[in-house]
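Below is one structure, written out as structure tokens; comments come after it.
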Amino acid sequence: KQIAETDDFRHFESPINRREPGLLISWVDDDGHSLVYNRFKPILQDYNIPITSALVTSRLDGRMNHLNEEQRKELQELGMEFISHSHLHDVNHKPDDMTEEELEYDFSTSKELLKKHGYNYRGIAIPFASLSDLTIKVANRYFDYVIGTTRGGVNAEAQIPGELSNKYLWRVSVENGFD
């Protein structure tokens, strides 16, 4: 019963379900590195801004400078959401280079591990700006919404209300500033 209640709660926890229609800005962090703890914890405490961290589920043990379980728990209690950023996240074998079977394994494993740990397993932020039709098609089999990179590149315009689709939500990088 508790799992069913948590599952129902997670449905409404996601950035696309938690607000009334209108302008929505939500921070999505990739990889779940441990520096997220120091950088975003004060923002969560002071401003209660929606922040999502996309986790590489093969690194939930905190190795390679990723958030450990204690840090994730504390951030989650402050309102941070955790979604998938794939299971393997291999720079030498990106999603767009994978076969359908490899994508199935990667995405299904990530989803199951997120569910097991009590995180939001309904969404994925696709790693490495992967945009192939196959990657998006397989991601949509496993996740209710797919967050990717703007199809127009780093400097593309963000989506506006009326253009949103759970099948592929754009995001705009701020790595090079907010302009």
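Where a number appears in this text, it was derived from the coordinates with a stated rule and is not lab data. Just so it is clear, the model here is predicted, and its values are computed rather than measured. We place every Cβ from the backbone using ideal geometry, glycine too, and count neighbours over all the protein chains shown.
Below is a table of values for the structure above.
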read-out: FRET efficiency, ARG39 to ALA129 (Cβ-Cβ, R0 35 Å, nearest 0.05); value: 0.95
read-out: Estimated FRET transfer efficiency when R0 is 22 angstrom, pair VAL91-TRP27 (beta carbons, to 0.05); value: 0.40
read-out: Cα-Cα over 20 Å, subset of LYS73/LYS115; LYS41/LYS167; LYS41/LYS94; LYS41/LYS111; value: LYS41/LYS167; LYS41/LYS94; LYS41/LYS111
read-out: Order by protection proxy (mean Cβ within 10 Å, highest first), peptides 37-50, 87-100; value: 87-100, 37-50
read-out: Formal net charge of residues neighbouring GLN71 (Cβ-Cβ distance under 15 Å; K, R +1; D, E -1); value: -2
read-out: Sparse-neighbourhood loop sites, trypsin sites (Lys or Arg not before Pro) in the stretch 54-97 - DSSP loop, at most 12 other Cβ within 10 angstrom; value: ARG63
read-out: Built amide H within the under 5 Å cut-off of HIS33, gap 5+; value: LEU67
read-out: Ratio of the Cα radius of gyration of the stretch 36-136 to 2.2 N^0.38 Å, where N counts its residues; value: 1.11
read-out: Karplus (6.51, -1.76, 1.60) ³J(HN,Hα), θ = phi - 60°, over the stretch 128-143, in Hz, Gly and Pro reported as x; value: 6, 6, 5, 10, 5, 4, 5, 4, 5, 4, 5, 4, 5, 5, 9, 10
read-out: SER53 long-range amide H proximity, modeled H, under 5 Å; value: ASP29, GLU81, PHE82, ILE83
